[in-house]
């Protein structure tokens, strides 16, 4: 039986999630929120058409934008079953218009943080944790030669501690 690795032996590569879901700068806020809900995530790296890493966006960014002076907070959306009655009363164009009025023309590019906290695959896990603490962030991107290869979230670090 192989010995259990100690925390000091673990690197970003050992913990990262390789299948990284990314957002696009041109997405509407509604599309971003749907994306977060669909994949049950609270944030994602933002990549352009060429796959270049251009920023990070999170639910916190949506919340902060929604609560800025002059902006109205988005109304909680009722469960999908409550929308069924609206479909017969309003056209698809009307429903889209309502959504556009709520968010305006705001896109991911308007909300995202262009500063990215990233580490290499060989970065010790303790350094990853220190980066997250110092940056007061919930996710660190793992890159190899400036290309996104993984992501480590605060939940990933909690799983490591649980499994030690």
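I want to confirm something. Restricting to the range 105-118 and keeping residues that are surrounded by 12 or more Cβ atoms within 10 Å (Cβ to Cβ) and out of contact with any strand residue (DSSP E or B) (no Cβ under 7 Å at 6 or more places or on another chain), which single residue is farthest from residue 16 (Cα to Cα)?
It comes out as 106.
Looking only at the range 12-26, which residues are crowded, with 16+ Cβ neighbours inside 10 Å and over 13 Å from the mean Cα position of the chain (by Cα)?
12, 13, 15, 16
When you scan the range 57-77, do you find a residue that is under 20 Å from residue 149 (Cα atoms), crowded, with 17+ Cβ neighbours inside 10 Å and either modelled with pLDDT of 90 or more or out of contact with any strand residue (DSSP E or B) (no Cβ under 7 Å at 6 or more places or on another chain) (or both), even just one?
yes
In the range 14-35, which residues are under 23 Å from residue 136 (Cβ atoms) and free of Cβ contacts under 8 Å to residues at least 24 places away in the same chain?
21, the sole residue that qualifies.
For the range 119-142, give me the residue count where each residue is assigned to a strand (DSSP E or B) and surrounded by 19 or more Cβ atoms within 10 Å (Cβ to Cβ).
Here the count works out to 5.
The values are calculated or read from the model by the stated rules, or taken from the named source; none is laboratory data. This structure is a prediction, so every number in the text was calculated from the model and none was measured. Reconstructed Cβ throughout: ideal geometry from the backbone, glycine too, with neighbour counts over all protein chains shown.
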